[in-house]
1. Tell me which label goes with the value of mean projected area of the Cα convex hull in nm² computed from the coordinates here: (1) 5.8; (2) 13.9; (3) 5.2.
2. Is it possible to state the helix-based mean residue ellipticity at 222 nm for the chain, with each DSSP H run of 4+ residues giving -39500 (n - 2.57), the sum divided by total residues, to the nearest 500 deg cm²/dmol? What is it?
3. How far is helix 63-78 tilted off the main Cα axis of the chain, in degrees rounded to 10, range 0 to 90?
4. Work through the residues other than Leu5 whose Cβ is under 12 Å from its Cβ and net out their charges, Lys, Arg +1 and Asp, Glu -1.
5. Taking R0 as 30 Å, what FRET efficiency do you get between Asp75 and His55 from their Cβ-Cβ distance, rounded to the nearest 0.05?
Amino acid sequence: MQSALHITTKVLPGDKIEIEVPAGSIGEDIEVIIILPDKPQSPNRRVLETLAAAHKLGSFRTAEEIDRDLQTERDAWDS
């Protein structure tokens, strides 16, 4: 019968980890799976890359359209 043990640990200096397994495991083969956390995207994206990505999302609204939409939203608050 196969069992699993979920352990969270910190990476130690020298890029090493240390884990403790249940007693009675000496000499047994075990399988260790390491799941690294997702790293956030670098905030250093160039401005032009950001603008290009935004442009691909769809058409841009004019200032007048935005003002009209904001006014409509504000009017809804007063209702």
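1. Computing mean projected area of the Cα convex hull in nm² and matching it to (1) 5.8; (2) 13.9; (3) 5.2 gives (2).
2. Rounded to the nearest 500, the figure is -11000 deg cm²/dmol.
3. That works out to roughly 80 degrees.
4. Result for the neighbourhood of Leu5: -2.
5. Details: r = 30 Å, r/R0 = 1.02.
After rounding, the FRET efficiency stands at 0.50.
Laboratory data are not the source of any read-out in this text; all were calculated from the coordinates shown. Since the model is a prediction, treat every value here as computed from it, not as a measurement. Glycine also receives a Cβ, built like all others from the backbone with ideal geometry; neighbour counts cover every protein chain displayed.
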